[in-house]
Amino acid sequence: MQPGPIRDADLQAWVDDRLEPERRAVVEAWLAEQPERAAALARQRRANERLRAAYAHVLREPVPDRLTQARPRGAVSPGLRRIAAAVALLLVGGVAGWVVRDHVATRPTLESELVRPAAFAHTVYLPEVRHPVEVTADQEQHLVAWLSKRLGSPLRAPSLAASGWQLVGGRLLPAGPGPAAQFMYEERGGNRLTLFIRHNPGSREATAFRFAEEGEFSVFYWVDGPLAYALTGKMSREALLPIAELVYAGLNP
């Protein structure tokens, strides 16, 4: 049997070390012939490893005593509890199943709450010549303080000068029930990047870098503590990744 084509899902699984050995060998053989793509994915894997290392202590925290206490005398046995649960499920399953199905189907995803708003805001303000931002980079200290106050969390406008991008400024944006911040960067050729920051939607756990495409734009996004970030630009995944790493380093000096 011929191996199937290499898809983005395979590459992301390779980055996350989730491939079966046989499929991993196929992907690595393909990457051996794509040195630029392999280098970019290797950088993404290293960035993910740094994120995991930063939060590894959470996995080592002891289980709270209240969750490990012995079952008190006279408590219902696990077997009886399972029988009672089965009966309850038979009684209410017909209704609950539809409720759960509808809830899962409509539950917001990180993509819908972060990636799409970020890409939409990028699309709206990307072509602006005279008013691309509300506060310009020459007032950076005021800009960061203002947006930090409005979001209720300390923000940073990471420097991307090392990769040839200069801060243009930023603005305040709506993000569902709360505010969001957008920092805009520009390189000499006039290309622009935006960094979209909002509160961590749904209090999700910290995530490694994830990649998405919204139309003609590439987006790297992640969650870190109380905030969620999305970096958007009209460029390839390989070109955007090192800038995303620079952003992450600037946010976590």
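The values are calculated or read from the model by the stated rules, or taken from the named source; none is laboratory data. For clarity, every value in this text was computed on a predicted model and none was experimentally measured. Positions of Cβ are generated from backbone atoms using ideal geometry, with glycine treated the same way; all protein chains shown enter the neighbour counts.
If you go through the stretch 209-220 and pick out every residue that is part of a loop (DSSP other than H, G, I, E, B) and crowded, with 20+ Cβ neighbours inside 10 Å, you end up with 1. Just one of (1) touching a residue at least 40 places away in the same chain (Cβ under 8 Å); (2) over 21 Å from Ala228 (Cα atoms); (3) aliphatic (A, V, I, L, M) fails for Ala161. It is (1). Against the condition farther than 22 Å from Ile243 by Cβ, surrounded by fewer than 19 Cβ atoms within 10 Å (Cβ to Cβ) and of a type outside the set (Asp, Glu), how does Ser112 come out, does it pass? So Ser112 passes the test. Looking at Ala162, is it among the aliphatic types (A, V, I, L, M) and in a helix (DSSP H, G or I)? So Ala162 passes the test.
If you go through the stretch 121-154 and pick out every residue that is within 23 Å of the chain's Cα centre (by Cα), touching a residue at least 60 places away in the same chain (Cβ under 8 Å) and closer than 15 Å to Thr194 by Cα, you end up with 5. Could you tell me whether Phe209 is within 20 Å of Gln12 (Cα to Cα), touching a residue at least 12 places away in the same chain (Cβ under 8 Å) and among the hydrophobic types (A, V, I, L, M, F, W, C)? Taking the combined requirement at face value, the residue satisfies it. Exactly one residue out of Ala175, Ala157, Ala181, Ala206 is buried (at least 18 other Cβ atoms within 10 Å of the Cβ), under 19 Å from the mean Cα position of the chain (by Cα), small (Gly, Ala, Ser) and modelled with pLDDT under 95: that is Ala175.
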